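To start, the structure under review is shown below, and the notes come after it.
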Amino acid sequence: MLQEAKMPELFQIETQPSNVSAVPCAPVRRSAAVFWVQGITLVWMLVECGLSLYAAAAAHSPALLAFGSDSFVELLSAGVVLLQFVPQVSIPERKAARAAGALLFVLAFIVCVTAIGSLALHLRPETSRLGIGITLAALIVMPILAKLKREEARRTNNAALAADAVQSATCAYLAVIALAGLAINALFHIAWFDSLAALAAIPLLVKEGRAAWHGKVCCC
């Protein structure tokens, strides 16, 4: 009786692939969404990276430099994920995820060296209106991009895209740090807070870099 009860279910599973009209649609929509999200990311990160690095040089701010460096790494990461979906290139998901994880490690190293160097050299960051403006804009744009990437990573179970979503969220987190460092230094003239705030991002970067390196889809 048990075998007879399961027969209709088995029959439906065997005949389901014959409905070919509905199968190709989902991958096409997911690929199009990835191209749109990563394309917008590439354009925005070009603007964000250029302006933030210029502001960091003008204000001598380690936190702004860390934020600009993150923008550059996010630019590279978005390019790696986008190449994964180009048929002519066809980067394996595992290799793309490791590349994104390696970029997170690079970002952690850049932030650490910049902050420690600033503390050792007793640099005093200046107030930057351009830096404040670009970090405020990043606080709006990057969480939206991170959410879109997380949703797409869940649909595709793509570790590289999930790691890139983490980098987008980290970019917003570093924008908060840079903005706080600039504001506190401008109001209270506490120069070392800028570097101390930048160091606070390192544990998160290392943790998410390890998760991406091991191919774990993190949607935090």
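The values are calculated or read from the model by the stated rules, or taken from the named source; none is laboratory data. Predicted model, so just to flag it, every value in this text is computed and none were measured. When we count neighbours, we look across all protein chains shown, and the Cβ atoms used for this are built from the backbone with ideal geometry, even at glycine. Note: areas computed on protein heavy atoms with side chains; ligands, DNA, RNA excluded. Shrake-Rupley method; radii C 1.70, N 1.55, O 1.52, S 1.80 Å.
So is Ile134 out of contact with any strand residue (DSSP E or B) (no Cβ under 6 Å at 6 or more places or on another chain) and either more than 26 Å from Ala211 (Cβ to Cβ) or surrounded by 19 or more Cβ atoms within 10 Å (Cβ to Cβ) (or both) or not?
Taking the combined requirement at face value, the residue satisfies it.
Does any residue in region 182-196 that is closer than 20 Å to Cys112 by Cβ come within less than 6 Å, Cβ to Cβ, of a residue that is open to solvent by 90 Å² or more (accessible area, probe 1.4 Å) six or more places away or on a different chain, and which pairs are these?
Ala191/Arg124
Matching residues to (1) over 17 Å from Cys49 (Cβ atoms); (2) hydroxyl-bearing (Ser, Thr, Tyr); (3) surrounded by fewer than 24 Cβ atoms within 10 Å (Cβ to Cβ):
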| position | (1), (2), (3) |
| --- | --- |
| Arg154 | yes, no, yes |
| Ala162 | yes, no, no |
| Leu174 | no, no, no |
| Leu187 | yes, no, yes |
| Ala200 | yes, no, yes |
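List, please: which pairs have Cβ atoms under 8 Å, are six or more places apart or on different chains, and start with a residue in region 39-50 that is within 15 Å of Ala146 (Cβ to Cβ) and end with one that is among the aromatic types (Phe, Trp, Tyr) and assigned to a helix (DSSP H, G or I)?
Once the first residue is within 15 Å of Ala146 (Cβ to Cβ) and sits in region 39-50, its partners that are among the aromatic types (Phe, Trp, Tyr) and assigned to a helix (DSSP H, G or I) give Met45/Phe72.
Can you give me the number of residues within region 30-73 that are among the charged types (D, E, K, R) and closer than 15 Å to Thr135 by Cα?
Number satisfying all stated conditions: 2.
Return the residue satisfying two criteria in turn: it lies in region 94-105 and is in contact with a helix residue (DSSP H, G or I) (Cβ under 7 Å, 6 or more places away or on another chain) and open to solvent by 70 Å² or more (accessible area, probe 1.4 Å), and of such residues it is modelled with the lowest pLDDT.
Arg98
Considering each of Pro203, Pro143 in turn, give the residue that is in a helix (DSSP H, G or I), under 20 Å from Phe105 (Cβ atoms) and free of Cβ contacts under 8 Å to residues at least 60 places away in the same chain.
Just one listed residue meets the conditions, Pro203.
Looking only at region 161-174, decide whether some residue is in contact with a Ser or Thr (Cβ under 7 Å, 6 or more places away or on another chain), charged (D, E, K, R) and at pLDDT 80 or above.
yes
Based on what the data block shows, is Leu76 within 17 Å of Ala169 (Cα to Cα), modelled with pLDDT under 85 and not small (Gly, Ala, Ser)?
yes
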